[in-house]
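These notes concern the structure reproduced below.
Every number here is computed from the coordinates shown, using simple stated rules; none is lab data. All values derive from a computational prediction rather than experimental measurement. Note: ideal-geometry Cβ built from the backbone for every residue, glycine included; neighbour counts use all protein chains shown.
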Amino acid sequence: MSENGDENGSKKLTILGAPTDYGVDRRGVDMGPSAVRYAGLVESLRADGHDVNDAGDVDAPRDGGESGEGAAKRASEAVADRVADATEDSVPVVVGGDHSVSIGTLVGASRNVDDLGVLWFDAHADFNTRETTPSGNVHGMALAAAAGHGSFAGEWPESVDGSNVAVVGVRDLDDGERENLRSSEVTVFTMSDIDRRGIGDVTEDALEAVSADTDALHVSLDMDWLDPDEAPGVGTSVVGGVTYREAHMALEMVSESDATVRSVDLVEVNPVLDESNRTAELGVELIGSLFGRTVY
Ligand SMILES: [Mn+2]
């Protein structure tokens, strides 16, 4: 049990909104924090017995004329400071915003630990560099930037070691991104791994990969990890994702594992593209499972 919880599984949690759309083409994801709050994130975690403080939104508006990468970089610095403060006596849950906010979460979460493990649940690996990105969008480079890969080395603060990272549920990689991953030490579990071996086996192996040489764990939940039938409100949906049950099972397994969850982000909820806020509602449910909600 971590220092930020008690033996009954009650945790002290800090909710931080990060209303950014700096890493994407499609507007609307900056309203993700509102949608997730409207879906009852705070109330639902309190009903589960957690001590929840909603600390509001990170203040990182875009300056006029600023590039997406420039704005994302500035936002990530603001996110990192808020996350580092929150980790002193709680587990921060950063609600995006596009996936570029994770760069900041990882910088903040890794500030006072030696080695941070990362579970990256996503349809994509977000492991492009400036040389390989087809879109130029920072959310598709977030994990490469955090791991200091390729041209990001020395330019973005390197917060995690690739050997301590696992991406789970990938089903859409760009050609150059595939090469980037092969030359990294990141462990990749694709959807076909999940099809063949089952979500239980894959999650167990992923947990082992990110726990072997680490002190604490970051969980990054991109809602496009799920099948679009379950989570339509995302900017870059890909068919063939994990089901409702598979998603809950994976997060329940993280909760039941020995890993100390240090920080979490819930990203890419875009209410403009959603159906009656169901993607935000599902995100709230999944965070509940990650922090120990069980049926019985
Ligand atoms: Mn992502």
Looking only at the stretch 63-92, how many residues end up being within 20 Å of Phe152 (Cβ to Cβ), among the hydroxyl-bearing types (Ser, Thr, Tyr) and in a loop (DSSP other than H, G, I, E, B)?
1
Restricted to the stretch 213-246 and to residues being in a helix (DSSP H, G or I) and of a type outside the set (Asp, Glu), the residue farthest from the ligand (Cβ to nearest atom) is Arg245
Taking Asp265 and the conditions (1) acidic (Asp, Glu); (2) within 15 Å of the ligand (Cβ to nearest atom); (3) in a helix (DSSP H, G or I), which numbered condition does it fall short on, given that it satisfies the others?
(3)
Go through the stretch 26-49 residue by residue and tally those that are among the small types (Gly, Ala, Ser) and crowded, with 24+ Cβ neighbours inside 10 Å.
2
Could you look through the stretch 93-110, keep only residues that are within 16 Å of the ligand (Cβ to nearest atom) and either in a strand (DSSP E or B) or without any contact (Cβ under 8 Å) to a residue 12 or more places away in the chain (or both), and pick out the one that is farthest from Ala216 (Cα to Cα)?
Gly96
The stretch 132-158, subset over 17 Å from Ser67 (Cα atoms) and surrounded by fewer than 17 Cβ atoms within 10 Å (Cβ to Cβ), residue nearest to the ligand (Cβ to nearest atom)
Ser151
Index of the failed condition, Gly56 passing every other in (1) closer than 25 Å to Glu158 by Cα; (2) surrounded by fewer than 17 Cβ atoms within 10 Å (Cβ to Cβ); (3) of a type outside the set (Val, Ile, Thr)
(1)
Tell me the residue from Leu217, Leu282, Leu226, Leu273 that is in contact (Cβ under 8 Å) with a residue 60 or more places away in the chain and buried (at least 19 other Cβ atoms within 10 Å of the Cβ), please.
Leu217
Residue that is nearest to Leu221 (Cα to Cα), among those in the stretch 111-131 that are outside any loop (DSSP other than H, G, I, E, B) and away from the ligand (no atom under 16 Å from the Cβ)
Gly117
Does the stretch 277-296 hold any residues that are within 19 Å of Asp98 (Cα to Cα), out of contact with any strand residue (DSSP E or B) (no Cβ under 7 Å at 6 or more places or on another chain) and of a type in the set (Gly, Ala, Ser), and which are they?
Ala280
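Okay, residues lined up against (1) hydroxyl-bearing (Ser, Thr, Tyr); (2) surrounded by 23 or more Cβ atoms within 10 Å (Cβ to Cβ):
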| site | (1), (2) |
| --- | --- |
| Thr14 | yes, yes |
| Val24 | no, yes |
| Asp51 | no, no |
| Ala71 | no, no |
| Ala78 | no, no |
| Pro92 | no, yes |
| Gly96 | no, yes |
| Ser102 | yes, yes |
Residue within the stretch 174-193 that is in contact (Cβ under 8 Å) with a residue 12 or more places away in the chain, of a type in the set (A, V, I, L, M, F, W, C), over 30 Å from Gly70 (Cα atoms) and in contact with a strand residue (DSSP E or B) (Cβ under 7 Å, 6 or more places away or on another chain) present
yes
If a residue must be of a type in the set (Val, Ile, Thr) and more than 22 Å from Val238 (Cα to Cα), how many such residues does the stretch 201-227 contain?
2
